[in-house]
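The values are calculated or read from the model by the stated rules, or taken from the named source; none is laboratory data. On a predicted model such as this, the values are computed, not experimentally measured, just so you know. Cβ placement follows ideal geometry from the backbone for every residue including glycine, while neighbour counts extend to all protein chains displayed. All accessible areas refer to the heavy atoms of the entire protein, side chains included, with ligands and DNA or RNA removed. Shrake-Rupley method; radii C 1.70, N 1.55, O 1.52, S 1.80 Å.
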Amino acid sequence: MAHLTSRRGLLFGTAAVSAGALLVGCTSNESSDEPAAKDQPAADDKPGKEVTIGFAGPQADHGWLNAINENAKSRAEKYEDVTLEITEGSNDTAQQIGQIETLINKKVDVLVILPADGKALTQVGLKAMRAGIPVVNLDRIFNTPQAYRCWIGGDNYGMGLNAGHYIGEKLKDKPNARVIELAGVDSLELTRQRTQGFDDALKNYPNIKKVARQAADFTVESGQAKMAQLLQAQSKFDALWNHDDDQGVGALRAIEQAGRDDFLMVGGAGALSAFQAIKQDDGVLKATVLYPPTMAASAIDLARALGQGKGVGGLAEFEIPASLTLYSAVVDKDNVDQYMSTGFK
């Protein structure tokens, strides 16, 4: 996991570095007696105060969720001063609450929680915070900011928006273009946000019409079944956006079985299999929009900084931010090599 070694790059990308360079350029000819922002206590890779981090997430029954766990474990192992207490994970709300309460009773220094259900687990987040244990809320958000010290997660709306713009630019010169959508789990707010972003992006392209949508529940089996239904119902379309690369494995099977290659496909999340198919460039899958599981590694970085009472390198503030939304980059054949090492299985 060599790609996880730079926490500044992982958390903030090149934007923070560029901003820092700009500040140096603007002020290099001036002297000041003011304390420099660089003198703030910022977390770095050097060993510091020992920190025990409790990690609780859902059951790893999906490639992305397994990657979340692996990113957290790998990142924690890189720090001599971090002990990671990780639960088995559960999709049962009561069981996950019990696992978190066990971590609270162990008096871990910081908690990182990816709740199976943010609303249902809000109370246990509040319990931890009231016990003096700061919580890093990972991705699925609690109902109140009082239940966490910091939230870090993906941008579901941005994911749909960027997928829509990518497809829109590919089809902008095609009259009466038609697109379809293979969504995730419709009962989840994140699925609705992805669809809303996609629809809003398509509004910029009046020549494009979305003609069909199916929800495929984030599984390979449902992806194959729902895609087969879409292909049977839609004899002609120009592009498909699939919300999730795991269900996309099934969708691609259905597409191959139907012998269809008359459209382009954009996936979602960033699976290794999707990156490999994009690089090979001999099928319909031309791009995928990231929902990076590296957020779990960043959550460990943030938890360590909280436990050590430090800020984040690359920012002038003494405290870590209250919220960090990751960017949903589009990966296609032009940049796939850059992201290959982040792909999850």
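Computed on the chain, with alpha-carbon pairs under 8 angstrom and 6+ residues apart, the relative contact order is 21 percent. Across the range 211-269, the relative contact order, built from alpha-carbon pairs under 8 Å that are at least six residues apart, equals 40 percent.
Note on the range 183-276: semi-axes of the ellipsoid equivalent to its C-alpha gyration tensor, largest first and rounded to whole Å, are 19, 17, 13. Placing unit charges on the Cβ atoms of the charged side chains and taking the dipole of the range 121-269 about its Cα centre, the candidate lying farthest along the positive direction among Gly268, Cys150, Val185 is Cys150. About the centre of its Cα atoms, the range 298-345 shows a dipole size close to 200 debye [charges on the beta carbon of Lys, Arg (+1) and Asp, Glu (-1) only; nearest 20 debye].
What angle, in degrees between 0 and 90 and rounded to the nearest 10, separates the Cα long axis of helix 63-77 from the longest principal axis of the Cα atoms of the chain? So the helix axis and the longest Cα principal axis differ by about 20 degrees. Computed on the range 60-121, with alpha-carbon pairs under 8 angstrom and 6+ residues apart, the relative contact order is 26 percent. What does the charge dipole of the chain about its Cα centre add up to, to the nearest 20 debye, if the Cβ of each Lys and Arg holds +1 and the Cβ of each Asp and Glu holds -1? Charge dipole of the chain: 580 debye, to the nearest 20.
For the range 252-329, the alpha-carbon radius of gyration amounts to 1.65 times the rule-of-thumb value 2.2 N^0.38 Å expected for a compact globular protein.
Counting only protein heavy atoms and using a 1.4 Å probe, the accessible area of Lys226 comes to about 60 Å².
Where both bridge residues fall in the chain, DSSP classifies roughly 5% of the beta bridges as antiparallel.
Just the number please: accessible area per residue for the chain, 1.4 Å probe, all protein chains included, in Å². All intermediate terms of the calculation are to be shown ahead of the outcome.
Numbers: 16080 Å² over 345 residues.
Value for the chain: 47 Å² per residue.
Per-residue ellipticity at 222 nm computed for the chain from its helices equals -13000 deg cm²/dmol, with DSSP H segments shorter than 4 residues left out and the rest contributing -39,500 (n - 2.57).
Arrange the residues Tyr157, Tyr339 by how much accessible surface each exposes, largest first, with a 1.4 angstrom probe.
Sorted by accessible area, descending: Tyr157, Tyr339.
Taking Cα atoms only, the orientation of helix 220-233 departs from the longest principal axis of the chain by about 30 degrees.
Expressed as a whole percentage, what fraction of the accessible surface of the chain belongs to carbon and sulfur atoms when a 1.4 Å probe is rolled over the protein heavy atoms? Display every interim value, and only then the final one.
On the way: 7850 of 16080 Å².
Taking all protein chains in place, the chain shows 49 percent carbon and sulfur surface.
At the residue level, Val289 shows approximately 0 square angstrom of accessible surface with a 1.4 angstrom probe and all protein chains present. Only protein heavy atoms count here; under a 1.4 Å probe, Lys236 has an accessible surface of about 100 Å².
Comparing Ser323, Ser298, Ser235 in a Gaussian network model of the chain, where Cα atoms under 10 Å apart are tied by springs, the biggest mean-square fluctuation is seen for Ser235.
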